[in-house]
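Written out below as structure tokens is the structure these notes cover.
A short reminder: the numbers here are calculations on the coordinates, not readings from a lab. Values in this document were obtained by computation on a predicted structure and should not be read as measured data. For neighbour counting, all protein chains shown are included, and Cβ atoms are generated from backbone atoms with ideal geometry for every residue, glycine included.
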């Protein structure tokens with residue numbers, strides 16, 4: 001009896017210990033569903049205060065199916081409520097160009113002969129969650145009837161709405177064998193010159209990912225026709241250009257800003273990612289941040305380390321900046337070890353210095369003061385209000401990529417920088433701990449009953 005009492009006491013003590021047993025990672029099954037206009041996602045009503053909730057890869061895939069069936073979700077709000085893994089083994093995503101994983105993502109929207117239709121017109125709030133292991137590939141047969149224009153790759157093929165507070169890690173998009181404008185981890189094509197919509201992308205990061213395209217690969221977006229990309233960064237990633245005939249438009253944030261009729265803008269961003277250019281493409285106009293900026297393009301307060309986002313002088317001449325855009329393009333060289341929130345004049349409400357890195361606060365659990373409650377429980381879909389940054393000091397304006405010596409861009413990307421994992425809101429460990437403790441108590445109680453019966 002004393003021994004049994006000891007077991008029971010031990011079980012009770014164990015129930016008080018916060019076990020951290022990790023639950024198995026839920027991975028997408030790779031199925032793209034049939035479009036369903038009546039699908040309710042995981043909750044919500046699609047309003048700003050009660051957005052539709054995306055809590056699984058199945059929800060995300062249904063969003064893709066519905067948009068591609070013609071539902072653009074204009075003025076409809078969505079919120080991601082969990083991290084999403086689209087392929088297991090994403091730690092090896094650097095090999096996926098040669099050895100693709102099992103699950104192939106179908107982009108949300110696609111570019112049909114440059115018409116941006118169908119496209120997503122709503123608001124997608126990532127709520128500081130992360131998408132991992134996305135693989136999206138357009139082969140040479142897809143869209144052959146229209147010269148491959150609809151073979152877009154990215155989470156969004158065509159984005160004409162807004163995306164905010166979203167992270168990407170270990171993702172690969174590959175459009176190496178089709179023509180058309182661009183590939184990007186977030187989207188292949190942002191905005192539409194013929195639309196009144198003005199898309200916004202904010203608080204997005206991309207880590208350890210690859211955007212590869214015949215033309216206009218960008219780590220965040222391939223081609224920007226219209227819209228604003230602000231307060232974003234890329235780290236340890238690659239923009240890989242396949243074209244060899246003198247054209248290029250590759251960049252480690254955006255491949256090509258083609259805003260001839262609208263305004264395409266990149267501001268308050270930085271990159272520590274790499275450009276990979278074919279050695280034979282000596283006349284490429286690709287650049288370390290944006291490869292090509294048309295007359296209505298605007299690039300302000302954007303930073304890169306020329307030793308990481310390098311363009312070999314013998315391979316690539318420089319980024320092409322249209323004459324009318326030169327006064328509006330501010331590409332600032334800054335070494336990685338000198339990148340701080342203050343040095344880059346970033347919004348301190350959104351950014352922070354952490355262990356030698358500059359990261360977005362929301363992904364660390366320090367949520368920006370926007371008037372919302374904790375994003376994990378908030379039902380608000382309101383935009384983040386940016387505090388104006390200090391622009392009193394004018395940085396050097398350049399329209400050319402730096403001519404640096406050393407290893408060519410095709411070398412191994414710098415992956416020493418670690419973006420936030422995005423797992424800070426998970427309660428998996430706590431839930432698992434409670435479950436284990438409960439199991440211990442039940443087993444001990446059963447043992448007690450068995451012993452009592454044997455004695456009787």
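Side notes on the structure shown:
- Of 270, 205, the sequence from fewest to most neighbouring Cβ atoms within 10 angstrom is 205, 270.
- Proxy reagent accessibility, fewest Cβ within 10 Å first, across 254, 263: 263, 254
- Taking 7 Å steps out from each Cα toward its Cβ at residue 334 and residue 49 produces label points 4.0 nm apart.
- Rounded if a/c under 1.5, otherwise prolate or oblate - region 164-223, Cα gyration tensor axes: oblate
- An oblate overall shape is assigned to region 155-197, the ratio a/c of its alpha-carbon gyration tensor axes (a ≥ b ≥ c) being 1.5 or greater and a/b not exceeding b/c.
- Extended-chain gain in nm, criterion 0.36 nm per residue less alpha-carbon gap, residue 75 and residue 295: 76.2 nm
- For region 198-345: relative contact order, % (alpha-carbon pairs under 8 angstrom, 6 or more apart): 21
- Rg and Dmax of region 261-311, based on Cα coordinates, read 12.3, 35 Å.
- Sorted by Cβ neighbour density within 10 Å, fewest at the top, the residues 332, 253: 332, 253
- Residues residue 102 and residue 34, FRET efficiency given R0 of 25 Å [Cβ-Cβ distance, rounded to 0.05]: 0.75
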